[in-house]
Every structure is written in structure tokens, then in C-alpha cells.
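**Student:** Okay, handing you the structure first.
The values are calculated or read from the model by the stated rules, or taken from the named source; none is laboratory data. None of these values were measured; they are calculated from a predicted model. What goes into the accessible areas is simple: the full protein's heavy atoms, side chains included, and nothing from ligands, DNA or RNA. Shrake-Rupley method; radii C 1.70, N 1.55, O 1.52, S 1.80 Å.
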Amino acid sequence: MSGSDQGKGADVLDAQDRARFEQLVLPHLDAAFNLSRWLLKSRADSEDVARRPCSVPTLFPRFHGGDARAWLLQIVRNTCYTWLEKNRLWN
């Protein structure tokens, strides 16, 4: 894969951190999508929001251990709440 084929996140992590990210975080992307789907109640909206974890490699250097699933789901939850504040009225 050439450099132009890779996303921005690929440039942020070195090979060791990239492998660690793939091992710890990527297995939980389905759970991240399910959470966004449940919070947003819309498949289309949740797909848009669920794509944002692709930018998680830029945040991964801030991950200092612990539960990677909980860390990822917190990012998704916060992203969903931000999306809701910008795109829907809370009643």
C-alpha cells in the first residue's frame, strides 16, 4: 500500500504503536458502531459518526493502558453527543 493509499492515522503512529492499536482497538469497532447506532437511532448518521474512530490513531498516543474498549467507546459516545448537539434539538 502506498503512502497515498493510507489514511492520516497511518502517518501518526510508528510500526510498534500501529500494531498495538490494531491489536487493542480494532477488535472493538463493531461495538463502537453499535453504540453510535443506539445513541443516534439512525443507521446513516451512525455510519458517519462511526467513521470517526478512523481518526483514533491520532488520539492513540494519549492511551496509556487500561481498557481499550472502554476508551474507544467513550470517544464514540462523546462524538455522538457532540453530533446530536450540532444536528438535533434536545427536547
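**Student:** Might you work out the accessible area of residue 88 for me, using a 1.4 Å probe with all protein chains in place, and round it to the nearest 10 Å²?
**Tutor:** 90 Å²
**Student:** For the range 26-83, what relative contact order do you get, as a whole percent, if you take Cα pairs closer than 8 Å and at least 6 residues apart?
**Tutor:** 46 percent
**Student:** Related question: List, in order, the whole-Hz ³J(HN,Hα) value for each residue of the range 26-40 obtained from phi through the Karplus relation with A = 6.51, B = -1.76, C = 1.60 and θ = phi - 60°; use x for Gly and Pro.
**Tutor:** With coefficients 6.51, -1.76 and 1.60, one gets 4, x, 9, 5, 5, 5, 5, 5, 4, 5, 5, 5, 5, 6, 8 Hz.
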